[in-house]
Amino acid sequence: MFKNIPFERVNWVTSSFLIGTAFLSLTAVPLYIWKFGIDWFQIALFFVMFAACGFSITLGYHRLFSHLTFQAHWTVRLFVALFGAAAFENSILLWACEHRTHHKHVDEDEDPYDINKGLFHAHIGWLLFKLSPPPPFDNVTDLKKDRLVMWQHEYVQYIAAGIAFVLPAAIGFAYGGWVSALGAFLIAGVARVVFLQHCTFCINSLCHYIGKRPYSSTCSARDSWIMAVFTFGEGYHNFHHHFQHDYRNGVKPWQFDPTKWIIWTLSKLGLAEKLRTVPSEKILLAELGEAQRQMATRLESADLPAAARAYITSAYERLQATANQWAQLKSAQMEVSREMVAELRNEVRKAIASLKLREVADQQAGSVG
């Protein structure tokens, strides 16, 4: 039964933690609820910790550090470093290293959580075994210069244990003594870690398995509003893989992406800046291009007259040409706007310089007089 398992490659620490916390969630947590019940405090603490740690992964580990889609105030960076560690998904440095490798080699053998190796492998199986060889961290040289990132990397397990388990237990003890502390440890600590981890793991597995590919069919990443609900907005994965440096995943106004909304709110509060976005014309062109490719595939297998095929193909080509003209027009307008701003700046500089020269001349005239 176990003869095909490469035990020499098993990551015993990670495997024991994943299996142990899942076992406690299925046994100790129900036993505690049966024995002592559950109140609003335990439920509220669970969701507060779930949100704090979950958004620290999506907003911090993923969009801030892995993809550099915006810049954040040091308080935001510290918060996501502390509560991201409490998700028990390793350090920012290792997480970003593996994730950047995933984007570079998606669906290839070098992809750490390659969906082609099976849903179980992409979801959790890749964590159960040691990477061979270990990552060289050569794709995160920018993060290695970050003192906060390196501090968290060195002490990540201590930070994780303190924030994930000690903090909820301490809050529980302050609220209702030892019984409440035990409940907080099990519910807001252990069960929350397990639930959050599997929500995150769904990004690597189900987001490459369920949904549509409206922007690109060159990789397995898919858009799914259902996955977005469980992954703090990360479910629009096809868009993300095609435009990975955009701070938004759900780019449409109606798409559920709370991580995007928080980043935008932080920017209005002065806690985030330089939010990177893809121009709307590029997004439209990607959608049209993929729709045209999908239509061409359908036409190849459809039993249609040659005239009908030609008409549909021509219609898509005209639509693509119109979109290209619109994109070029918008680009030209942007260039004109830049030139106008540059001219205005030069005029302001000249006016200031002229004013200064006049002040100097007046001062000299006054001293002579």
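The values are calculated or read from the model by the stated rules, or taken from the named source; none is laboratory data. Since the structure is predicted, the reported quantities are computational estimates derived from the model, not experimental observations. Reconstructed Cβ throughout: ideal geometry from the backbone, glycine too, with neighbour counts over all protein chains shown.
Computed values, structure above
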item	result
Matching residues in the stretch 135-166 - criterion: being under 27 Å from Val10 (Cβ atoms) and surrounded by fewer than 16 Cβ atoms within 10 Å (Cβ to Cβ)	Pro135, Pro136, Phe137, Asp138, Glu154, Tyr155, Gln157, Tyr158, Ala161
Hits in the stretch 235-281 - residues which are of a type outside the set (A, V, I, L, M), assigned to a helix (DSSP H, G or I) and surrounded by 14 or more Cβ atoms within 10 Å (Cβ to Cβ)	His237, Asn238, Phe239, His240, His241, His242, Pro258, Thr259, Lys260, Trp264, Ser267, Glu281
Checklist (1) at pLDDT 95 or above; (2) over 23 Å from Leu127 (Cα atoms); (3) surrounded by 20 or more Cβ atoms within 10 Å (Cβ to Cβ); (4) not aromatic (Phe, Trp, Tyr) applied to His208, failing item	(2)
Any hit, the stretch 68-77, residues being modelled with pLDDT of 95 or more, more than 21 Å from His245 (Cβ to Cβ) and either outside any loop (DSSP other than H, G, I, E, B) or in contact with a helix residue (DSSP H, G or I) (Cβ under 9 Å, 6 or more places away or on another chain) (or both)	yes
Filter result (assigned to a helix (DSSP H, G or I) and of a type in the set (Gly, Ala, Ser)) within the stretch 86-109	Ala96
Failed condition for Val48, given (1) over 19 Å from the mean Cα position of the chain (by Cα); (2) at pLDDT below 95	(2)
Residue in the stretch 147-164 that is assigned to a loop (DSSP other than H, G, I, E, B) and either in the same structural domain as Gly37 (by TED's automatic domain parsing) or within 20 Å of the chain's Cα centre (by Cα) (or both) present	no
Unique residue being touching a Phe, Trp or Tyr at 6+ places or on another chain (Cβ under 7 Å) and of a type outside the set (D, E, K, R) when the list is His198, His208, His237, His242	His242
Positions within the stretch 183-222 being more than 21 Å from Tyr61 (Cα to Cα), of a type outside the set (A, V, I, L, M) and in a helix (DSSP H, G or I), in sequence order	Gly183, Phe185
Residue among Phe88, Phe79, Phe65, Phe41 that is at positive phi and in the same structural domain as His198 (by TED's automatic domain parsing)	Phe88
Out of Ala174, Ala181, Ala169, sole residue that is more than 19 Å from Ala22 (Cα to Cα), surrounded by 18 or more Cβ atoms within 10 Å (Cβ to Cβ) and without any contact (Cβ under 8 Å) to a residue 60 or more places away in the chain	Ala181
Any pair with Cβ under 7 angstrom, 6 or more apart, that starts in the stretch 263-289 at a residue that is without any contact (Cβ under 8 Å) to a residue 40 or more places away in the chain and ends at one that is of a type in the set (Gly, Ala, Ser)	Leu288/Ala323
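Yes/no per residue for (1) buried (at least 22 other Cβ atoms within 10 Å of the Cβ); (2) at pLDDT below 95:
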| site | (1), (2) |
| --- | --- |
| Leu82 | no, no |
| His99 | yes, no |
| Asp114 | no, yes |
| Ile124 | no, yes |
| Pro133 | no, yes |
